[in-house]
Structure formats: structure tokens, C-alpha cells
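Asker: Have a look at this one.
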Amino acid sequence: MSAEPLEPSLSAPGQVHRVPRTIKGIAEWLPEEKEAQFLREVMDAQIGPELTNLLAGWHAEAMFGQVPGREERRARTIEEMRAGRKVSLEEIKAGRRFRSGNV
């Protein structure tokens with residue numbers, strides 16, 4: 001038996017653990033509230049393109065969900081967009097704080 005972790009430690013900012021592209025793998029990496037929604041949607045999906053697309057979207061959610069501060073940046077971006085401010089992809093990537101009036 002080895003004392004090594006199952007997943008390697010992440011040394012660089014922005015690195016994420018590999019999420020297996022399986023229903024179980026995706027479910028294990030989602031927060032509890034999202035896991036429940038994911039499993040409900042999987043149970044209702046038709047085998048074929050519908051299920052394939054659903055798994056692809058949730059796999060991305062599980063991967064992106066590991067990025068620190070993601071939910072805060074997402075909420076801030078939505079708030080700025082609702083206020084009529086255009087938010088560039090570069091700003092989103094950089095995680096910059098948005099200031100009202102900047103275009």
C-alpha cells in the first residue's frame with residue numbers, strides 16, 4: 001500500500017484534477033447540490049446525442065468548478081452584464097475586479 005495521494009498535488013495556479021468522463025467520475029467532482037441536479041438530468045436523458053451533450057456539459061462544470069474563486073467571478077460578471085457593461089473575455093480570464101463605468 002502506498003501513502004501517495006490518488007490525485008497529484010497541483011503546483012501551478014489554474015491547474016485542475018482530471019475528472020473521469022463517466023457518470024460516477026463527474027458526480028464525484030461536483031458539489032452536493034450540483035451532483036443531485038446532474039444525476040436527475042442523467043436519469044431523464046435519452047441515450048444518444050442528448051446524453052452525450054449532457055455529460056460533456058457537466059464534465060466541463062466539474063472541471064471548471066475546481067478553479068478557485070470561479071463562482072465569485074461568474075456572479076460579478078453577470079452583475080456587470082446586467083448593468084449594461086460589456087465584459088471582455090480577457091477580463092474574465094484574468095479575474096480582474098470590475099469597476100462600474102469601465103468599458
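Asker: Each residue of the range 63-77 in turn: what ³J(HN,Hα) in whole Hz from Karplus with 6.51, -1.76, 1.60 and θ = phi - 60°, glycine and Pro shown as x?
Answerer: Working through the residues one at a time gives 5, 5, x, 7, 6, x, x, 4, 4, 5, 5, 5, 4, 5, 5 Hz.
Asker: On to the next question. How much length would be gained if the chain were fully extended between Glu35 and Ile47, taking 0.36 nm per residue of separation minus their Cα-Cα distance, in nm to one decimal?
Answerer: Computed gain between Glu35 and Ile47 is 2.4 nm.
Each reported figure results from applying straightforward, stated rules to the coordinates on display, with no laboratory input. Please read all numbers here as calculations on a predicted model, not as lab measurements.
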